[in-house]
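What follows is a single structure, written as structure tokens, with notes after it.
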Amino acid sequence: MEYKVQIKTESPLCLNSGKADVNIDTDIVHDAFGLPYFPGKRLRGLLYESAVEVVEMAELCQKSFVTRRTVEELFHRCADSTVELIIPDFQLEDYPEMAAEWQYLQKAYGDLIRPESVLETYASIRFQTALDEDGIAKETSLRNIRVLDAPLTFVGKIQVNGGEEKHFQALALALANLRRAGMNRNRGFGRICCSMEEGDALLAQVFSEGGRK
């Protein structure tokens, strides 16, 4: 099965690239054109954490609408799992058209339009500092990070091969529960909202009587 998925940002989002330069202490992931994207490997990790959280909530409520075994099978965390979960990098809406336009402009006006300038149309720089016990900024603690400005929408298709209805339901639950991503989540950054094609129908099955197999 293949599901179309959307990720909408609701606050500034820092998907750290692990890179820095003389101007930026913490930069975000982007492609060769300067267009930001949501890494599939990172999304997979976030979804696994979200799914485990749903399982823990179900166990606390003594419900069985999703089990730890199902989640382990879906994310191939057990040796005997036959489920294959494929999560690609997610791109901005209308990415093909935008990439083609930016590629043309960069070839025609390479001295003026560079990947860095493209990225600046989707992002901004935020500054932060550490405070001592008296609430005074510590010396040399000033840092800057690049964040994506909200709202933006990333789209992609998640594929589940060899899965059963319970695995599709677990994926829908993990997506519905995923509300934070990226760095500085405790500073108000990284609020997201995920939606999945047929997700509402799968969730309705989960919470209906006998919906969980």
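The values are calculated or read from the model by the stated rules, or taken from the named source; none is laboratory data. Please read all numbers here as calculations on a predicted model, not as lab measurements. With ideal geometry, Cβ positions are generated from the backbone for all residues, glycine too; neighbour counts draw on all protein chains shown.
Would you check which residues across the stretch 3-38 are of a type in the set (Asp, Glu), surrounded by fewer than 15 Cβ atoms within 10 Å (Cβ to Cβ) and modelled with pLDDT of 95 or more and list them? Lay out the reasoning, then the answer.
Step one: list which residues in the stretch 3-38 are of a type in the set (Asp, Glu), which gives 10, 21, 25, 27, 31.
Imposing the further condition that a residue be surrounded by fewer than 15 Cβ atoms within 10 Å (Cβ to Cβ) reduces the set to 10, 21.
Hit for the stretch 3-38 is GLU10, nothing else.
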*asked:* Restricting to the stretch 79-93, name every residue that is of a type in the set (Asp, Glu) and in contact with a Phe, Trp or Tyr (Cβ under 6 Å, 6 or more places away or on another chain).
replied: ASP89
*asked:* For the stretch 168-209, which positions are under 15 Å from MET57 (Cα atoms) and free of Cβ contacts under 8 Å to residues at least 60 places away in the same chain?
replied: ALA176
*asked:* If ALA176 meets every condition in (1) small (Gly, Ala, Ser); (2) within 25 Å of PHE127 (Cα to Cα); (3) under 13 Å from the mean Cα position of the chain (by Cα) apart from one, which number is that one?
replied: (2)
*Test LEU43 against the criterion of being crowded, with 20+ Cβ neighbours inside 10 Å and assigned to a helix (DSSP H, G or I), and give yes or no.*
yes
*Inside the stretch 74-96, can you point out the residues that are touching a residue at least 60 places away in the same chain (Cβ under 8 Å) and assigned to a helix (DSSP H, G or I)?*
LEU74, TYR95
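Could you tell me whether LEU148 is hydrophobic (A, V, I, L, M, F, W, C) and without any contact (Cβ under 8 Å) to a residue 60 or more places away in the chain?
Working: hydrophobic (A, V, I, L, M, F, W, C): yes; without any contact (Cβ under 8 Å) to a residue 60 or more places away in the chain: no.
For LEU148, the condition - hydrophobic (A, V, I, L, M, F, W, C) and without any contact (Cβ under 8 Å) to a residue 60 or more places away in the chain - is not met.
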*With VAL52, VAL71 as the choices, which residue is surrounded by 13 or more Cβ atoms within 10 Å (Cβ to Cβ), in contact (Cβ under 8 Å) with a residue 40 or more places away in the chain and among the aliphatic types (A, V, I, L, M)?*
VAL71
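Looking at the structure I just gave you, is GLU53 over 13 Å from LEU171 (Cα atoms), assigned to a helix (DSSP H, G or I) and touching a helix residue (DSSP H, G or I) at 6+ places or on another chain (Cβ under 9 Å)? Before the answer, list the steps.
Numbers: over 13 Å from LEU171 (Cα atoms): no; assigned to a helix (DSSP H, G or I): yes; touching a helix residue (DSSP H, G or I) at 6+ places or on another chain (Cβ under 9 Å): yes.
No.
Condition check ((1) small (Gly, Ala, Ser); (2) over 14 Å from the mean Cα position of the chain (by Cα)) across all residues:
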| site | (1), (2) |
| --- | --- |
| ALA20 | yes, yes |
| TYR48 | no, no |
| GLU56 | no, yes |
| SER81 | yes, yes |
| PRO88 | no, no |
_Under 6 Å between Cβ atoms, which residue pairs at least 6 apart in sequence (or on different chains) link something in the stretch 4-30 that is among the hydroxyl-bearing types (Ser, Thr, Tyr) with a partner that is part of a strand (DSSP E or B)?_
THR9/ILE192; SER11/ARG191; SER17/ILE28; THR26/ASN16; THR26/ILE145
_Lone qualifier among ALA32, ALA99 - being on the phi < 0 side of the Ramachandran plot and assigned to a loop (DSSP other than H, G, I, E, B)_ = ALA32
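Does GLU84 count as out of contact with any helix residue (DSSP H, G or I) (no Cβ under 7 Å at 6 or more places or on another chain), of a type outside the set (Gly, Ala, Ser) and closer than 19 Å to TYR3 by Cβ?
Working: out of contact with any helix residue (DSSP H, G or I) (no Cβ under 7 Å at 6 or more places or on another chain): yes; of a type outside the set (Gly, Ala, Ser): yes; closer than 19 Å to TYR3 by Cβ: yes.
Here the answer is yes, as GLU84 does meet what is asked.
Do you know which residues across the stretch 27-84 are acidic (Asp, Glu) and within 24 Å of ILE192 (Cβ to Cβ)?
Residues of the stretch 27-84 that are acidic (Asp, Glu), as a first pass: 27, 31, 49, 53, 56, 59, 72-73, 80, 84.
Correct list: ASP27, ASP31, GLU49, GLU53, GLU56.
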